[in-house]
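We did not get these values from a lab; they are worked out from the coordinates using the rules stated. Please read these numbers as outputs of a predicted model, since none were measured by experiment. Here Cβ is always computed from backbone atoms with ideal geometry, including for glycine, and neighbour counts include all displayed protein chains.
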Amino acid sequence: MKKRLRTGIIGSGFAASFHFEAIQKIHEVDVDPIGVYSPTREHREAFARARGIKAFDSAEGLIEACDIVHVCVPVSMHEHIALAALERGIYPIVEKPITGFCGDGSESFRGDIYPKRKVLDAVHESLGRIIEAESRSQAHILYAENWVYAPAIQKEREIIEKSGAQILWMRGEEAHSGSHSSTYGYWKHSGGGVMLGKGCHPLTAALYLKRKEGIARGKGPIHPQSVTGRIHSLTSLPDFSDKGHIRKNYHDIDDFSIMHIEFQDGTLADIFASDIILGGIHNWLEVAANNHRTICNINPTNILQTYNPLEEYFRDIYVVEKTGTKQGWSNPSPEEDFLNGFPQEMEAFYRSAAYDEPLESDSSLAADAISTIFSAYLSAEQDGAKVDIRNY
Ligand SMILES: NC(=O)c1ccc[n+]([C@@H]2O[C@H](COP(=O)([O-])OP(=O)(O)OC[C@H]3O[C@@H](n4cnc5c(N)ncnc54)[C@H](O)[C@@H]3O)[C@@H](O)[C@H]2O)c1
């Protein structure tokens, strides 16, 4: 018989909506969505009304009524809510990134000039508190990195495991033409710049595949050892010639980044993240192994290729995330959520919580990603000097 789990959602914004969509598709667990909490009363009540669930007036009240809670809030609140759940033995599904650095509390805080050694120390302290709380809890963290569950990455995992491949080099990217969120652009709200917000996706997929390779080859998980990072603010350059297609005016964050990672076995990954790429979302990871080469197209894919001579024909048609125009050739995504891995991650999380099934995207993977990214910020402050990475 299917186990029944009571579900709560914290946050009522973008991620909360797609999490709610994804839990409708769970097969192996009987999901009982009971409520939502977010600080603005009208927002939580509207979210609850539209979905036939209850609006709670505190996060703690909702957590106590649940078995599993979706942490769909800004990064500054991830640790706080994850700890509140773990302390009560409730499973937190934590959105990416698991943690970040949201300033020193001062109004004048600027992430671009704040000393990155202090930032790195602070994120390690945060990771330490999260992992310690998890070790004391009856529950565990379910880390919502959808790239791990994207079908393209899972197929590549199978190829690596079954063919005994050694990955020599990976390169990947997440990019588009800029977030529309008004708070994005402020380090104190986002916890970091584009290297964190977007870079965490391809990076975590690369770290995951390298772990899987090591396990399949009997060596145990292979972790990242050192990183060289560079960050830039291209849209803030005095010479940036704005044509109106790319967002600018970020307050104190990077809009272009690269991490060059060396793993414990000396092999490599290069991860790009940026807010300056036109043509819609550009999410991909390429794997160069000793016995094969794979290009994982997360989004867009060429599952569908459409030519549309006039923008207005497609006025009511969703094509693909962040596309600038629907005219001409495009790659409409018939199942964008599925190709992104959203329903698959939720199925896996609920099975892990209900039946203790092994978990692909856990707190250790999440922590290795954060440790790598903030080591890369320290490296960037030193014009790309190599920085060793603490592993989790
Ligand atoms: N996996 C993905 O592809 C993906 C996509 C988008 C966002 N995210 C992640 O989801 C998280 C939320 O992002 P979003 O786009 O939904 O943001 P959003 O601004 O749309 O929604 C954030 C929600 O959190 C609520 N909130 C703010 N402070 C809170 C507090 N103290 N306690 C409880 N709730 C609070 C807000 O009221 C709002 O409802 C972020 O960590 C983001 O990185 C992931």
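Considering (1) touching an Asp or Glu at 6+ places or on another chain (Cβ under 9 Å); (2) within 14 Å of residue 370 (Cβ to Cβ), the lone condition that residue 165 does not fulfil carries the number (2). Residues of segment 25-79 that are of a type in the set (A, V, I, L, M, F, W, C) and out of contact with any strand residue (DSSP E or B) (no Cβ under 7 Å at 6 or more places or on another chain): 26, 46, 50, 75, 77. Just so you know, in segment 88-108 the residues that are surrounded by fewer than 16 Cβ atoms within 10 Å (Cβ to Cβ) and under 16 Å from residue 187 (Cα atoms) include one that is farthest from the ligand (Cβ to nearest atom), and it is 108.
State yes or no: is residue 18 surrounded by 13 or more Cβ atoms within 10 Å (Cβ to Cβ) and within 16 Å of the ligand (Cβ to nearest atom)? Judged against the criteria, residue 18 is a match.
The set of residues in segment 164-205 that are within 13 Å of the chain's Cα centre (by Cα) and assigned to a helix (DSSP H, G or I) comprises 190, 194, 195, 196, 197, 200, 201, 202, 203, 204, 205. Every listed requirement among (1) assigned to a helix (DSSP H, G or I); (2) under 23 Å from residue 296 (Cα atoms) is met by residue 367 save one, (2).
In the condition set (1) closer than 23 Å to residue 189 by Cβ; (2) hydrophobic (A, V, I, L, M, F, W, C); (3) surrounded by fewer than 22 Cβ atoms within 10 Å (Cβ to Cβ), residue 9 is compliant with all but (3). Annotation: of all residues in segment 1-15 being aliphatic (A, V, I, L, M) and outside any strand (DSSP E or B), the one that is nearest to the ligand (Cβ to nearest atom) is 15.
The set of residues in segment 255-266 that are part of a loop (DSSP other than H, G, I, E, B) and surrounded by fewer than 24 Cβ atoms within 10 Å (Cβ to Cβ) comprises 264, 265, 266. Annotation: of all residues in segment 158-203 being closer than 16 Å to residue 288 by Cβ and crowded, with 20+ Cβ neighbours inside 10 Å, the one that is farthest from the ligand (Cβ to nearest atom) is 165.
Of all residue pairs spaced 6 or more apart or on separate chains, those with beta-carbon atoms under 9 Å, a first member in segment 75-87 that is in contact (Cβ under 8 Å) with a residue 40 or more places away in the chain and a second member that is β-branched (Val, Ile, Thr) and in a helix (DSSP H, G or I) are 79/130; 81/63; 82/130; 83/130; 85/63; 86/130.
Yes/no matrix, rows are residues, columns are (1) touching a Ser or Thr at 6+ places or on another chain (Cβ under 7 Å); (2) in contact (Cβ under 8 Å) with a residue 12 or more places away in the chain; (3) on the phi < 0 side of the Ramachandran plot:
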{"site": "4", "(1), (2), (3)": "no, yes, yes"}
{"site": "7", "(1), (2), (3)": "no, yes, yes"}
{"site": "20", "(1), (2), (3)": "no, yes, yes"}
{"site": "24", "(1), (2), (3)": "no, no, yes"}
{"site": "32", "(1), (2), (3)": "yes, yes, yes"}
{"site": "53", "(1), (2), (3)": "no, yes, yes"}
{"site": "59", "(1), (2), (3)": "no, yes, yes"}
{"site": "69", "(1), (2), (3)": "no, yes, yes"}
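Taken together, the residues in segment 127-157 that are of a type in the set (Ser, Thr, Tyr) and surrounded by fewer than 20 Cβ atoms within 10 Å (Cβ to Cβ) amount to 2. If the condition is being within 16 Å of the ligand (Cβ to nearest atom) and without any contact (Cβ under 8 Å) to a residue 40 or more places away in the chain, then segment 332-358 contributes 333, 335, 336. Name the one entry in 59, 85, 46 that is crowded, with 22+ Cβ neighbours inside 10 Å, over 30 Å from residue 383 (Cα atoms) and within 11 Å of the ligand (Cβ to nearest atom). So the residue among 59, 85, 46 that is crowded, with 22+ Cβ neighbours inside 10 Å, over 30 Å from residue 383 (Cα atoms) and within 11 Å of the ligand (Cβ to nearest atom) is 59.
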